[in-house]
Every structure is written in C-alpha cells, then in structure tokens.
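Comments concern the structure below.
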C-alpha cells in the first residue's frame, strides 16, 4: 500500500483513510492501539496485538529444547512467592 497524506485537526484527531480502515476491518468506535517507536507511530487492532504477542511467546524452549508453558512458569513463580511470604 502506498503512502497516503492525511491531516490532523485542531483537537489532535487524525483521519484514517478508507483504504486503511478497510484493510484493517475498522469501523467507527472500534478500539485501536497506538505504539510510539523510533519516532514513528504504529497502529494496530487489539486482535493484531494479541496475535503478535502470541507469536513471540509460542516457541519458548528450555535448555533441553523442550517447549515451556509460560502459564505453568507463572503459576510456579506465584506459588514460590506465596511460600516465601507465608
């Protein structure tokens, strides 16, 4: 997709061109996530953010190259913390 110029109004609102809204399946009132990185603003839907996060954590392996369940790891950490306190 090519660059498209748009404008920001006096209240800081930016018009997202229709071709971008259609590509992202955005409708009025939908949530979007903005991220500021390297002096750029990146926009994504919550679904895209979740997919990105899932792809980052799905292939965590331990030292023996066995998959790690991050949920199980978190539960184990919380249980250990609870034992330290109690």
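The values are calculated or read from the model by the stated rules, or taken from the named source; none is laboratory data. Since we're looking at a predicted model, the values are computed, not measured. Glycine gets a Cβ as well: all are built from the backbone with ideal geometry, and neighbour counts include every protein chain shown.
Values for this structure:
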| read-out | value |
| --- | --- |
| Test: residue in the stretch 4-21 that is in a helix (DSSP H, G or I), touching a strand residue (DSSP E or B) at 6+ places or on another chain (Cβ under 8 Å) and either at pLDDT 90 or above or more than 30 Å from residue 71 (Cα to Cα) (or both) | no |
| Residue ID - farthest from residue 15 (Cα to Cα), chosen from residues in the stretch 29-45 that are in contact with a strand residue (DSSP E or B) (Cβ under 6 Å, 6 or more places away or on another chain) and surrounded by 10 or more Cβ atoms within 10 Å (Cβ to Cβ) | 35 |
| Candidates 65, 30, filtered to the one that is under 18 Å from the mean Cα position of the chain (by Cα) and in a loop (DSSP other than H, G, I, E, B) | 30 |
